[in-house]
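Student: One structure is given below, represented as structure tokens, and several questions about it will come after.
The values are calculated or read from the model by the stated rules, or taken from the named source; none is laboratory data. The structure presented is a predicted model; accordingly, all values stated were derived computationally and were not measured. Here the Cβ positions follow ideal geometry from the backbone for every residue, glycine too, while neighbour counts run over all protein chains shown.
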Amino acid sequence: MKIVVAIDSFKGCLTSKESNRAAAEGVRNHWPDAEVVQVPVSDGGEGFMEAFHAAIGGKLIELTVRDPLMRPVSARYLLHDKLAVVEIAQASGLTLLTREERNPMVATSYGTGQLVTDAVRRGAEHIIVGLGGSATSDAGIGMLRALINNFAKHGEWDDIDELKHVRFTIASDVKNPLCGENGAAHVFAPQKGATPDMVIQLDNRARKFADVSAKHFGYDRSEQEGAGAAGGLGYAFLQYMNADCKPGIELLLDTIKFHEIVSETDLIITGEGSADLQTLMGKLPMGILKQSNNVPVCLIAGRISDKQELLNAGFAHVECINPEGISIEEAMHKEVAMQNIIDTVGRIIQERDEY
């Protein structure tokens, strides 16, 4: 019996590794002789760099860069031969700020540019950027400023020769454009501390930047899918770096050859913090389902909506890990969440035994 466990982090509660470990224990409680393969996963946000590190190895490079408020902060990225994996939340993440400090009018992506700079100087020729969990809404201007400060000979973008041989891929499941009602400011800035007036200002600022950039390059990628990701960082990579944009989970699963991992597998267990119709729009569990090679896939989550639609999409089981009546505060405790995963996976295994 072979079981593959590939569960996303439960944000603010469990990492992917911790979720996987709990699920594996739930399996072994009922099938002690089962081979359980644990695959850390992420769709581009929290844990993205660690998931790649677990899959391909390499070295985690640590350096001091600037956080969203330009304060020194320790951040890491992964370097493996000529490949670098940068998780923008390391330097420009919302979790680096207190709730009172959140202000996307001043928050900058400068630190992400410093991580990219270091990777290029160490010989990276392909940089994968996980666009999740940002505190910024600066359309990537801060990131670009860091690159200009470090590379440009005369303070002009066109002077930067060091980036011309580097290929960029942004990892994001966000399809939003840079500007407008569905853009970075309107959709994402409020959760980063923006007031309604700030949202309008941020959107206008991004639109002006895109107009200037389009005149300079002769093309405009502000409407491209992914441009609105990470407060417009996606746009900066698309417009200035000619980046490719791919779903983060697709990038990861292709890199680790997930289709080979699940060969001759009897069951796959995946999950995320909250599963609903948004899950079907390309979030991590759907990426797992698409590459499952027809192996049954069980989906667990801390909150479940639209269960029948999820089952209709092809999941063999859709189960909420939290018992009825539990408070959010209790459910978010690490030990409680891990035990609930153990119990839920145990029930799923028991049900399959009874088939």
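Student: Yes or no: region 275-285 includes at least one residue that is touching a Lys or Arg at 6+ places or on another chain (Cβ under 7 Å), among the polar types (S, T, N, Q) and surrounded by fewer than 16 Cβ atoms within 10 Å (Cβ to Cβ).
Tutor: no
Student: Right, SER74: polar (S, T, N, Q), over 24 Å from ARG167 (Cβ atoms) and surrounded by 19 or more Cβ atoms within 10 Å (Cβ to Cβ) or not?
Tutor: no
Student: What number goes with the only condition from (1) in contact (Cβ under 8 Å) with a residue 12 or more places away in the chain; (2) within 16 Å of the chain's Cα centre (by Cα) that ASP254 does not pass?
Tutor: That leaves (1) as the condition not met.
Student: Still on this model: Enumerate the helices (runs of 4 or more DSSP H) found wholly within region 298-355, keeping only those where 2 or more residues are within 22 Å of ASP266 (Cβ to Cβ), among the charged types (D, E, K, R) and without any contact (Cβ under 8 Å) to a residue 40 or more places away in the chain.
Tutor: Passing ranges, in order: 334-354.
Student: When the residues of region 81-90 are filtered to those that are surrounded by 16 or more Cβ atoms within 10 Å (Cβ to Cβ) and more than 14 Å from the chain's Cα centre (by Cα), which remaining residue is farthest from GLY12 (Cα to Cα)?
Tutor: LEU83
Student: Report the residue count in region 122-142 for those that are assigned to a helix (DSSP H, G or I) and either farther than 18 Å from ALA152 by Cβ or free of Cβ contacts under 8 Å to residues at least 12 places away in the same chain (or both). Lay out the reasoning, then the answer.
Tutor: Applying the first criterion (assigned to a helix (DSSP H, G or I)) to region 122-142 yields 141-142.
Within this subset, residues satisfying the condition of being either farther than 18 Å from ALA152 by Cβ or free of Cβ contacts under 8 Å to residues at least 12 places away in the same chain (or both) are none.
Number satisfying all stated conditions: 0.
Student: Of all residues in region 215-264, how many are under 16 Å from ILE288 (Cβ atoms), crowded, with 24+ Cβ neighbours inside 10 Å and small (Gly, Ala, Ser)?
Tutor: Total satisfying the criteria: 1.
Student: Condition test on THR64, is it farther than 29 Å from MET198 by Cα, surrounded by fewer than 21 Cβ atoms within 10 Å (Cβ to Cβ), among the polar types (S, T, N, Q) and not assigned by TED's automatic domain parsing to the domain that holds THR344?
Tutor: Answer is yes for this residue.
Student: Only one of (1) assigned by TED's automatic domain parsing to the domain that holds ALA206; (2) over 30 Å from ILE200 (Cα atoms); (3) of a type outside the set (A, V, I, L, M, F, W, C) fails for ASP33. Which number is that?
Tutor: Every condition holds for ASP33 apart from (1).
Student: Does ALA206 satisfy being buried (at least 24 other Cβ atoms within 10 Å of the Cβ) and not hydroxyl-bearing (Ser, Thr, Tyr)?
Tutor: Here the answer is yes, as ALA206 does meet what is asked.
Student: Being out of contact with any helix residue (DSSP H, G or I) (no Cβ under 9 Å at 6 or more places or on another chain), surrounded by fewer than 22 Cβ atoms within 10 Å (Cβ to Cβ) and more than 18 Å from VAL41 (Cα to Cα) is true for just one of LYS307, LYS334. Which residue is that?
Tutor: Only one candidate passes the filter, namely LYS307.
Student: Considering region 62-84 alone, what residues qualify as being under 22 Å from ASN149 (Cα atoms) and in contact (Cβ under 8 Å) with a residue 24 or more places away in the chain?
Tutor: Within region 62-84, LEU63, VAL65, ARG66, ASP67, PRO68, LEU69, MET70, VAL73, ALA75, ARG76, TYR77, ALA84 qualify.
Student: So, one more: So VAL106 ticks every box in (1) part of a loop (DSSP other than H, G, I, E, B); (2) of a type outside the set (Gly, Ala, Ser); (3) surrounded by 24 or more Cβ atoms within 10 Å (Cβ to Cβ); (4) modelled with pLDDT of 95 or more but one. Which box is left unticked?
Tutor: All conditions are met except number (3).
Student: Among the strands (runs of 3 or more DSSP E) confined wholly to region 15-98, which include 2 or more residues that are in contact with a strand residue (DSSP E or B) (Cβ under 6 Å, 6 or more places away or on another chain) and polar (S, T, N, Q)?
Tutor: none
Student: Let me ask something else about it. Just to be sure before I move on: is GLY232 in a helix (DSSP H, G or I) and under 29 Å from GLU162 (Cβ atoms) in the structure I sent?
Tutor: In short, yes.
Student: Return the residues of region 243-290 that are outside any helix (DSSP H, G or I), farther than 29 Å from ARG28 by Cα and not hydrophobic (A, V, I, L, M, F, W, C); say none if nothing qualifies.
Tutor: Here is the first cut: in region 243-290, the ones outside any helix (DSSP H, G or I) are 243-247, 256-257, 262-276, 282-283.
Remaining after also requiring farther than 29 Å from ARG28 by Cα: 243-247, 282.
Listed by number, the residues that qualify are ASP244, LYS246, PRO247, GLY282.
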